[in-house]
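Contents: one structure, followed by commentary.
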Amino acid sequence: MTNKPLSEQELEYLEAFLATGAEAGNCMPLDMAHGYMTTVLSGPALVAPDDWLRQVLGDLDFADQAQSARIVDLLMRLYNSILDELSGGNNNPLLVYLTEGVDEPLPLPYGWCEGYFKGWELHGEDALNQMLQDEEAELMLSTIMVFLMYADDQLLNPPDEQMHRETVSELPGSVQGLYAWWLERRDSPVVDLQ
């Protein structure tokens, strides 16, 4: 396994593969998986790849061992890229955009945010409670949480589009802040998995 970032072609392949499985309810789509891995890397403890890979891939069926190895390799490289971004202070949530019927592409952060919150399950309920009991951490968490409170009919038509876009622009800062918040409280460092 190499540690280089995914090419655009590799990212598209991974996205298409996961989308096929997600339609059947067997795995996470790419944006959700990205949010999930971001949390895996942002919490109080190192999470073994087997634990989070199982959650991302669910019970997907692979054509053969070669396909399985390729998908796992791509996910591990994506994981390492997310770690590099967080460590470098320049994380970039992987969002889906609505492009049809709008003047400017509309960010749809719901899947990413859902994956981010689902990731806290691996760190345990206490981790989430600790953040909710800290004013600074709770404020950063609320920036992400707000997108999980939309009604179904608001997902493609936010009640306040300008506020929606502004809050999306605050996601990287909140995610980076929570990573730093936990980094100060972490017992052991998270390392690249090669």
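The numbers here are math on the coordinates, done by the rules we state, and not lab data. Source: prediction; values computed, not measured. Neighbour counts run over all protein chains shown; Cβ positions are idealised from the backbone, glycine included.
For LEU108, what residues show an amide H to amide H distance below 5 Å, using hydrogens built from the backbone and excluding near sequence neighbours?
VAL96, TYR97, LEU98
What does the extension gain come out to for GLU184 and ASP50, with contour length at 0.36 nm per residue minus their alpha carbon separation? Numbers along the way, then the final one.
Values: separation 134, 0.36 × 134 = 48.24 nm, distance 2.55 nm.
Going from the current span to full extension adds 45.7 nm.
Would you mind calculating the gained length between LYS118 and ASP103 on full extension (0.36 nm times residue separation, minus the Cα-Cα distance), in nm to one decimal?
Length gained, LYS118 through ASP103: 2.2 nm.
Go through segment 76-85 residue by residue and turn each phi into a ³J(HN,Hα) via Karplus (6.51, -1.76, 1.60, θ = phi - 60°); whole Hz please, and just put x for glycine and proline.
5, 5, 5, 4, 5, 5, 4, 4, 4, 5
Collect residues whose amide H, placed 1.01 Å from N in the peptide plane, falls under 5 Å from the amide H of CYS27; neighbours closer than 5 in sequence don't count.
Distant-sequence amide H within range of CYS27: ALA22.
About the Cα centre of the chain, what is the dipole size in debye to 20, counting +1 per Lys and Arg Cβ and -1 per Asp and Glu Cβ, all else neutral? Present the calculation step by step, with values, prior to reporting the outcome.
On the way: 8 positive and 34 negative charges, 120 e Å.
That gives a dipole near 580 debye.
Can you give the calculated 222 nm mean residue ellipticity of the chain, where each DSSP H run of n ≥ 4 adds -39,500 (n - 2.57) and the sum is split over every residue, rounded to the nearest 500 deg cm²/dmol? All intermediate terms of the calculation are to be shown ahead of the outcome.
Details: 8 runs with 118 residues, N = 194.
Value at 222 nm, helices only, nearest 500: -20000 deg cm²/dmol.
Using a simple spin-label model with points 7 Å from Cα along the Cα→Cβ vector, what separation in nm is obtained for ASP84 and TYR13?
In this crude label model, ASP84 to TYR13 measures out at 1.8 nm.
State, to one decimal in nm, how far the label point of LEU155 lies from the label point of GLU135, with both points 7 Å from Cα in the Cβ direction.
Spacing of the two 7 Å Cα→Cβ label points: 3.6 nm.
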